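To start, the structure itself, in structure tokens.
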Amino acid sequence: MTFVPMSQEIGMPPINSTRVASTAAGRSTPWKLGDIIKAVDPVYGVGEFIYLLGVASTVIGSVVTWGGNASGVPSFQTALAPATANLNQPLAVAMAANVGSQYGWYQISGHAVAATNGTLTADAPVYLAGSGQLSTSSVAGKQVEDARSITATGTPAAGLAVIEINRPSAQGAIT
């Protein structure tokens, strides 16, 4: 994937890069946390991306939750999406191996390449499978809202599949 931002700003990191924190020029992050941009890829089309703080064990395609706060201030912290029912949190897909203390872009809309647990089929709803992976095995309370599989596991590569997302979130409480 070679997503290229549709409008560049000076200092904007590439979509598939990871950056460490810096105190240069009084900045604690290498870019603006929570920034949302559009980018285009010749194969996958246009997508939206958000700049977030990574977490240990993140790989390209990891599905993460994001948000949180520190003393009432947004932290933009990610966590590998668990297989927890009724999680009710926003989700995104890692574009690089943004591990702890590193920052990078996460896809929140468009055609994304996401990690699977090996049981994802094409053209179906997707569900949380734990450790930042997805499945199409139906489990009550674990559906990823505003997401659908496009390909089965193995396309475009082993352990990955293409999903279509539109600012996805983990399912909230079942009523």
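For residues in segment 118-169 being of a type in the set (Ser, Thr, Tyr) and part of a strand (DSSP E or B), which is farthest from the chain's Cα centre (by Cα)?
Let us first name the residues in segment 118-169 that are of a type in the set (Ser, Thr, Tyr), namely 119, 121, 127, 131, 135-138, 149, 151, 153, 155, 169.
Remaining after also requiring part of a strand (DSSP E or B): 127, 135, 149, 155, 169.
Working: 127: 14, 135: 15, 149: 15, 155: 18, 169: 11 Å.
Going through the qualifying residues, I end up with 155.
Provide a single number: the residues in segment 70-90 that are closer than 26 Å to residue 153 by Cβ and either part of a strand (DSSP E or B) or of a type in the set (D, E, K, R) (or both).
Selection size over segment 70-90: 4.
Being among the small types (Gly, Ala, Ser), crowded, with 17+ Cβ neighbours inside 10 Å and either more than 30 Å from residue 155 (Cβ to Cβ) or touching a Lys or Arg at 6+ places or on another chain (Cβ under 8 Å) (or both): is that true of residue 47 here?
yes
Among the numbered conditions (1) touching a Phe, Trp or Tyr at 6+ places or on another chain (Cβ under 8 Å); (2) under 18 Å from residue 45 (Cα atoms); (3) surrounded by fewer than 23 Cβ atoms within 10 Å (Cβ to Cβ); (4) not hydroxyl-bearing (Ser, Thr, Tyr), tell me where residue 148 comes up short.
Condition (1) is where residue 148 drops out.
Which of (1) at pLDDT 95 or above; (2) of a type in the set (Gly, Ala, Ser); (3) surrounded by fewer than 15 Cβ atoms within 10 Å (Cβ to Cβ); (4) at negative phi is the odd one out, the single condition residue 154 does not satisfy?
For residue 154, the exception is condition (4).
Looking only at segment 100-116, which residues are more than 11 Å from the chain's Cα centre (by Cα) and surrounded by 18 or more Cβ atoms within 10 Å (Cβ to Cβ)? Don't jump to the end; show me each part of the working.
Narrowing segment 100-116 to residues more than 11 Å from the chain's Cα centre (by Cα): 100-103, 110-111, 116.
102, 103, 110, 111, 116 - these are the residues of segment 100-116 that are more than 11 Å from the chain's Cα centre (by Cα) and surrounded by 18 or more Cβ atoms within 10 Å (Cβ to Cβ).
When segment 36-69 is examined, which residues are found to be part of a loop (DSSP other than H, G, I, E, B) and more than 22 Å from residue 129 (Cα to Cα)? Step through it out loud before you land on a result.
Kept after step one, since they are part of a loop (DSSP other than H, G, I, E, B), are these residues of segment 36-69: 42-44, 54-62.
Once the filter is applied, which keeps residues that are part of a loop (DSSP other than H, G, I, E, B) and more than 22 Å from residue 129 (Cα to Cα), segment 36-69 yields 42, 43, 44.
Would you call residue 57 under 17 Å from the mean Cα position of the chain (by Cα), farther than 17 Å from residue 165 by Cα and modelled with pLDDT of 95 or more?
The answer is yes for residue 57.
Out of the residues in segment 91-117 meeting the condition of being assigned to a strand (DSSP E or B) and out of contact with any Phe, Trp or Tyr (no Cβ under 9 Å at 6 or more places or on another chain), tell me which one is modelled with the lowest pLDDT.
Selected residue: 102.
The values are calculated or read from the model by the stated rules, or taken from the named source; none is laboratory data. Small disclaimer: the values here were computed from a predicted structure and weren't measured. All Cβ positions, glycine included, derive from the backbone under ideal geometry; neighbour counts span all protein chains shown.
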